[in-house]
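Novice: My structure is below; once you've seen it, I'll send some questions.
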């Protein structure tokens, strides 16, 4: 009788983390920036049909990087959970924090128990009635949740993008300045991203009950 092949738990977790990070690094990054009227999300995305940024609920947006089919599954699950909670209780009871916790549990369980982890990082953003209520949560491939305030980046080059944002972000930006800042941070000093390669959406307190709005090239000034 042959003995089963043994792998130390530490090595197994490390291998899964390395696998997920490599998959995420192959995708293009995105950045979320808080501005005067809400939060703008700027993603590098050359596709005209596959969206990285979407509406989850009235005041909540979802964004993902990595394998599209995997983070789109998470988006759909979030929409269903938000709709169910809003129907059973109240629309005001649906918030980004509870959604982020649900996503963290799902990704953590998959990372620990499944053979292959999800190759995704996701962002859940919520715009409050006042600037103090704006929230951004990053959920990593292993279920780790990071709470951000002013700006956030996910994807393969997230560390460098966050560094650029920290050097240039200031309080009180308008939407145009926030979009320009996001474009500059994603491209870096040696590259300028064309409008056709950008996907931009914002959550604005001035948009009415449904705060999410997807921007077109015309909105970007093309």
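Bear in mind these aren't lab numbers, they're just calculated from the coordinates by the rules spelled out. Predicted model, so just to flag it, every value in this text is computed and none were measured. When we count neighbours, we look across all protein chains shown, and the Cβ atoms used for this are built from the backbone with ideal geometry, even at glycine.
Novice: Please state the Cα pair-distance histogram of the chain with 10 angstrom bins from zero: what percent is in each bin?
Specialist: Histogramming the chain at 10 Å steps yields 8, 34, 35, 16, 5, 2, 0, 0 percent.
Novice: Return the Rg/Rh value of region 22-82, two decimal places, where both radii are evaluated on C-alpha atoms and Rh is the Kirkwood radius. Before the final figure, lay out the partial values.
Specialist: Values: Rg = 12.2 Å, Rh = 12.6 Å.
With Rg and the Kirkwood Rh in hand, the quotient comes to 0.97.
Novice: Report, in degrees rounded to the nearest 10, the 0 to 90 angle that the Cα long axis of helix 175-187 makes with the longest principal axis of the chain.
Specialist: Once rounded, one gets 40 degrees.
Novice: After finding the eigenvalues of the alpha carbon gyration tensor for region 146-222, what semi-axes result from the square roots of 5 times each, listed largest first in whole Å?
Specialist: One finds semi-axes of 21, 17, 12 Å for region 146-222.
Novice: Moving on. Give me the one-decimal nm value for the distance between modelled label points at residue 48 and residue 196, 7 Å along each residue's Cα-to-Cβ direction.
Specialist: Roughly 0.9 nm, to one decimal.
Novice: Shifting gears a bit: Give, to the nearest whole percent, the P(r) tail of region 41-159 beyond 24 angstrom, counting all Cα pairs.
Specialist: 23
Novice: Related question: For an R0 of 30 angstrom, estimate the FRET efficiency from the Cβ-Cβ distance between residue 7 and residue 168 and round to the nearest 0.05.
Specialist: Once rounded, the FRET efficiency stands at 0.10.
Novice: How do 127-134, 70-77, 8-15 rank on mean C-beta neighbours within 10 Å, highest first?
Specialist: 70-77, 127-134, 8-15
Novice: Relative contact order of region 59-166, please, whole-number percent, based on alpha carbon pairs below 8 angstrom and at least 6 residues apart.
Specialist: For region 59-166, the relative contact order is 28 percent.
Novice: Related question: Between residue 113 and residue 97, with labels modelled 7 Å along Cα→Cβ, what's the label distance in nm to one decimal, could you check?
Specialist: Between residue 113 and residue 97, the label points sit 2.7 nm apart.
Novice: Here's a follow-up. Over all alpha-carbon pairs of region 93-135, lay out the pair-distance distribution in 10 Å bins, whole %, shortest bin first.
Specialist: The percentages, shortest bin first, are 25, 41, 22, 10, 1.
Novice: Using only alpha carbon pairs under 8 Å that are at least six residues apart, calculate the relative contact order of region 1-138 and give it in whole percent.
Specialist: 27
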